[in-house]
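Trainee: Here it is: the structure, laid out below.
The values are calculated or read from the model by the stated rules, or taken from the named source; none is laboratory data. This one's a predicted model, so the numbers in the text were calculated from it and none came from an experiment. Cβ: placed from backbone, ideal geometry, glycine included. Neighbour counts: every protein chain shown.
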Amino acid sequence: MEQILVNGLYLGAQYALIALGLTLIFSLMNVLNFAHGQMYVLGGFVTYTVVAQIGLPFVVGLLASAVVLAVLGGLIEKFLFRPVIRKSVREESTMLLAAGIAFFLDAVILLVFGEKQRGVP
């Protein structure tokens with residue numbers, strides 16, 4: 001029973017972090033980022049790669065994931081979202097861009113990591 005409670009709290013904390021990140025992006029940039037879930041998945045795969053394949057500690061994997069996603073998010077914002085926001089006054093433009101980025105990240109994750117589920121030991 002205690003393990004079920006801990007698992008529920010852990011899953012709830014993950015959902016809260018995802019919702020907080022999505023809300024933060026929307027409130028700061030006024031962009032509904034459809035690629036938010038894919039970025040979360042990519043962070044999980046970066047952590048998996050660092051911990052399970054390279055053999056570094058879990059904390060290093062989390063830090064590597066944060067750094068990789070911060071750099072990737074900054075590059076996406078600077079080179080994709082910023083020009084579209086500057087040139088277009090319609091919100092649909094940024095929504096279509098975010099959907100395109102989501103599809104692109106799905107394809108990249110599938111090509112690089114495959115379709116098998118993985119877990120960090």
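Trainee: Of all residues in the stretch 15-48, how many are modelled with pLDDT of 95 or more and more than 13 Å from the chain's Cα centre (by Cα)?
Mentor: Residues that pass the stated criteria total 2.
Trainee: Please give the helices (runs of 4 or more DSSP H) falling wholly within the stretch 41-121 in which 2 or more residues are β-branched (Val, Ile, Thr) and loosely packed, with under 13 Cβ neighbours inside 10 Å.
Mentor: So the answer is 58-76, 91-113.
Trainee: Looking at the stretch 84-105, which of its residues are at pLDDT 95 or above and not aliphatic (A, V, I, L, M)?
Mentor: Passing the criteria: GLY100, PHE103, PHE104.
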